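Reviewing the structure listed below.
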Number of protein chains: 2
Amino acid sequence: MNIRSDRDQGRKVTSAQVAERAGVSKWTVSRAFTPGASISENARQRVMEAAEALGYRPNLLARSLTTRRTQLIGVVVDQFANPHTQAMLNAATLALQQRGQLSILLNISPPVRSGELLDIAERFQVDGLLFLGTVLSEDIVRFATERQHVPLVQLFRTTEVDGVQIVAIQEHAAGAEIARLLLGEGHRRLGYLAGPDSGRSRLPRLDGYRQTLEDHGLALAATLTATDYRHALGYQAMHDYLQRTPAQQRLDALFCENDILAIGALDALHQAGLDGQLAIVGFDDIELAASPRYRLTSYQPNLDAVVDSAITHLLDRRIPGDPTLLPGRLVVRDSHRAAQSLLPQARHDKPR
Amino acid sequence: MNIRSDRDQGRKVTSAQVAERAGVSKWTVSRAFTPGASISENARQRVMEAAEALGYRPNLLARSLTTRRTQLIGVVVDQFANPHTQAMLNAATLALQQRGQLSILLNISPPVRSGELLDIAERFQVDGLLFLGTVLSEDIVRFATERQHVPLVQLFRTTEVDGVQIVAIQEHAAGAEIARLLLGEGHRRLGYLAGPDSGRSRLPRLDGYRQTLEDHGLALAATLTATDYRHALGYQAMHDYLQRTPAQQRLDALFCENDILAIGALDALHQAGLDGQLAIVGFDDIELAASPRYRLTSYQPNLDAVVDSAITHLLDRRIPGDPTLLPGRLVVRDSHRAAQSLLPQARHDKPR
DNA sequence: GGCCTGTTTGCAACCGGTTGCATATGGTCG
DNA sequence: CGACCATATGCAACCGGTTGCAAACAGGCC
């Protein structure tokens, strides 16, 4: 058990100690641990052996002090209840780790003063800040416009803010594609379920959706809202809608701003005994969307591509420019179908 | 727009620059920013003004170098697909932030070599490591037993590892309570749906469950397994079970290792047209459990209390001791009820 | 062997703070 | 008014690395 004969005497092992043991100077030790440095193979070997024997690990903080690079990226998150956040977090941290960066998780959920937190992150000398689909508050916008020396990238939101690089989905096209899908299914009264952030940014997605309807001579039939991206609020939005709207005036189909709201809405329909009576489409394609219980038609962003592009922007310290908009892909399941088409019909067999 | 007249000339602002402007030495600046330090009110004021004017923020890395405290806690996570992980992450980061600490998120999902990643975290001089319900791999155990100078705390798992402080739920009692609930409901053939980690640790929860059954002269009727804590695997486990087990031999009730598996199982029952035929109980009480569609009876850990205790252990650098086991609370909804009790019955009105 | 060139290595200085110690400053009291 | 004490501030040294520069060294070639 006592492997710690040499190492671990109170303090941590420093490069000087390794140097002494290897019979070289501490500068040579530093070079041994610096990839492209000029050092003889012989010396490197001896240093590595000594380091191994003593259990030496370079202090990355000390290194950062001179290199001015910390390899730390602040990852800013606010909607923990949304499974898509989780997927983003997973993808982002994995991608960062692969590039030798670590993520500092900054949680700006409601009680937290986001401006203060970003300030603290800056003191930790983060190399950049990555906003994972967060709602951009006043605080954040102010921070962004003031401190333009730390690169800022925002994922999956198209609110343009000075100094923030946007990497997102081609929202307009996605909205249009979903409208066409629903129209093709025969729906005519189409609505939209908006989340809390829709007010600030006139979502291109909604524009694309609405515009396509208008191209077909239709107007957006109703807009519901949820005050947070959570299951319960999707449920409630649909529940209230059903309460206040007589059956014959109801929508044919509802496009929801994301999957967790869509699933809430589906659950409300189920609860009201109206399964399949109102077509639903979501967005994000979270894992639960594929569940046989929901078979939610959704739009799948290419998460890896988005994250990859974002990280490239951060690490190359590119100057923020036009939004990078990547394509996604529609995942067609069952929830978007018209009520009658739940019965087997020939309708889908179009002439080719 | 150009607020950056003074600040921001290439390099970042240092304490020396603030000192010059305030007409004091850089040491005085340092003291101005150190809470309990000996400094006159007058000097502090001047320093603060100068700092404000220049946009100075102390470099916390440099500070950490001398103080040997980084205020960084490594938060280790592996099961991103489980909503409970998200809840833990949210609670943990918020609690840490409130205590002035920041979280470095370490993602040890399958492809990642966890030993290496922990090693890197150590080089960043994290003040401690918090394992959020992760499955303890060989790598991690080795790391834990070798490096006992960085405090390690494990949440929600009771696998005892040398040098790791455990903070979890009173699993044995919880298992027993759930068994009693199901027995009280009239169920007699009770099963357990285990997750991937059950093999390693003979879960006290399962022990408590089984033991209570035995106290009533019953044996555990079946054990199903899911190879990962994900909805699809809970679904599959139940699906396969239904396939291979004739109706008359099936379980009355199934206790699932967590909610996401339980919900998968419920969905599989629904898909098979067996809604309500098999009682289900989960664990963790995730948000979706409360959905009117599931009404999943579950066990709610006191997340805040667990996280709070864990962080206290970390920050006080306490020597790891006996596991800290906190009580949780059974959340009784509908999914645990017997099939016939879905019809209104007098059964619940026990004589008082 | 002497000279030239290219590679290694040691050194001083620095990154941006903190801390113990010594000195200066101001206020109180006899 | 001087002694005394508490409080403030400056200074040197240090935390654990990196980097430009110059000296040392080795090998190749004539």
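Could you give the angle, 0 to 90 degrees to the nearest 10, between helix A:204-215's Cα long axis and the longest principal axis of the Cα atoms of chain A?
Between the helix axis and the principal axis of chain A, the angle is about 20 degrees.
Given H placed on each backbone N at 1.01 Å, which residues far from A:Leu193 in sequence or on other chains put an amide H within less than 5 Å of it?
Placed amide hydrogens put A:Leu224, A:Phe255, A:Cys256, A:Glu257 under 5 Å from A:Leu193.
Which residue fluctuates the most in chain B, going by a Gaussian network model with Cα springs under 10 Å, if the choices are B:Ser114, B:Ser25, B:Ser64?
Highest fluctuation among the options: B:Ser25.
Let me spell out the model: positive unit charges on the Cβ of Lys and Arg, negative unit charges on the Cβ of Asp and Glu, origin at the Cα centre of region B:139-283. What dipole size does that give, in debye rounded to 20?
The calculation lands at about 200 debye.
Partner chain Cβ atoms within 10 Å, averaged over the residues of A:99-107 - can you pull that number for me?
What the average comes to for A:99-107 is 6.
Could you work out how far helix B:41-54 tilts from the main Cα principal axis of chain B, as a 0 to 90 degree angle to the nearest 10?
Roughly 80 degrees, rounded to the nearest 10.
Calculate the mean, over all residues of peptide B:230-236, of how many other protein chain Cβ atoms lie within 10 angstrom of the residue's Cβ.
Taking all residues of B:230-236 together, the mean is 2.
Quick one: accessible surface of B:Tyr241, probe radius 1.4 Å, all protein chains present, in square angstrom to the nearest 10.
10 Å²
Share of antiparallel DSSP beta bridges in the protein assembly as shown, in percent to the nearest 5?
10 percent
Can you give the net charge of the other residues whose Cβ lies under 14 Å from the Cβ of A:Ile104, counting K and R as +1 and D and E as -1?
Value of the local net charge: -3.
In nm, give the distance between the simple-model label positions of A:Arg295 and A:Arg113, each being 7 Å from the Cα along the Cα-to-Cβ direction.
Between A:Arg295 and A:Arg113, the label points sit 5.2 nm apart.
Once a ≥ b ≥ c are taken as the square roots of the eigenvalues of the Cα gyration tensor of the protein assembly as shown, is the result rounded (a/c under 1.5), prolate (a/b larger than b/c) or oblate (a/b not larger than b/c)?
oblate
Relative contact order, percent, of chain B when contacts are C-alpha pairs under 8 Å separated by at least 6 residues?
14 percent
Taking θ = phi - 60°, what integer Hz values does the Karplus form 6.51 cos²θ - 1.76 cosθ + 1.60 yield along region B:100-115, in sequence order, with x for Gly and Pro?
With the stated coefficients, region B:100-115 comes to x, 9, 10, 9, 9, 7, 10, 9, 10, 4, x, x, 6, 7, 5, x Hz.
Averaging sequence separations of C-alpha pairs under 8 Å and six or more residues apart, then dividing by the length of region A:15-58, give the relative contact order as a whole percent.
41 percent
Please check which bits of region B:59-88 a label hung off B:Glu287 would reach, taking the label as a point 7 Å along Cα-to-C-beta and the cut-off as backbone N under 19 Å.
Counting backbone N atoms under 19 Å from the label point, the list is B:79-88.
Top to bottom by accessible area (1.4 Å), largest first, where do B:Arg57, B:Arg31 land?
Listed by decreasing accessible area, they come as B:Arg31, B:Arg57.
To the nearest 10 degrees, how steeply does helix B:83-98 sit against the main Cα axis of chain B, on a 0 to 90 scale?
Once rounded, the angle reads 30 degrees.
Starting from the Cα gyration tensor of chain B, take the square roots of the eigenvalues, sort them a ≥ b ≥ c, and report rounded, prolate or oblate (rounded when a/c is under 1.5, otherwise prolate if a/b is larger than b/c, else oblate).
prolate
With springs only between Cα atoms under 10 Å, which of A:Val331, A:Val24, A:Val281 fluctuates most in a Gaussian network model of chain A?
Largest GNM mean-square fluctuation: A:Val24.
Return the average number of partner chain Cβ atoms within 10 angstrom of each residue Cβ along peptide B:79-86.
4
Averaging over every viewing direction, what projected area does the convex hull of the Cα atoms of region A:15-58 cover, in nm²?
For the Cα atoms of region A:15-58, the hull's average projected area reads 2.5 nm².
Treat each spin label as a single point 7 Å out from the Cα along the C-beta direction, and report the B:Arg99 to A:Thr227 distance in nm.
Here the answer is 3.3 nm between the modelled labels.
Using a Gaussian network model on chain A with a 10 Å cutoff between Cα atoms, which of A:Val18, A:Val141, A:Val307 fluctuates the most?
Largest GNM mean-square fluctuation: A:Val18.
Under the rule of at least 5 residues apart or a separate chain, name every residue whose amide H is placed under 5 Å from the amide H of B:Thr297.
Sorted by chain and number, the residues that satisfy this are B:Gly282, B:Arg333, B:Asp334, B:Ser335, B:His336.
What percent antiparallel are the DSSP beta bridges of chain B, to the nearest 5?
Percent antiparallel among DSSP bridges in chain B is about 10.
Which value, in debye to the nearest 20, gives the size of the charge dipole of region A:15-58 about its Cα centre, when Lys and Arg are +1 and Asp and Glu are -1 at the Cβ?
Value, rounded to 20: 100 debye.
Note down the accessible area of A:Arg188, probe 1.4 Å, to the nearest 10 Å².
Taking all protein chains as shown, A:Arg188 has close to 120 Å².
The values are calculated or read from the model by the stated rules, or taken from the named source; none is laboratory data. Computed from a predicted structure; not experimentally measured. For neighbour counting, all protein chains shown are included, and Cβ atoms are generated from backbone atoms with ideal geometry for every residue, glycine included. Note: areas computed on protein heavy atoms with side chains; ligands, DNA, RNA excluded. Shrake-Rupley method; radii C 1.70, N 1.55, O 1.52, S 1.80 Å.
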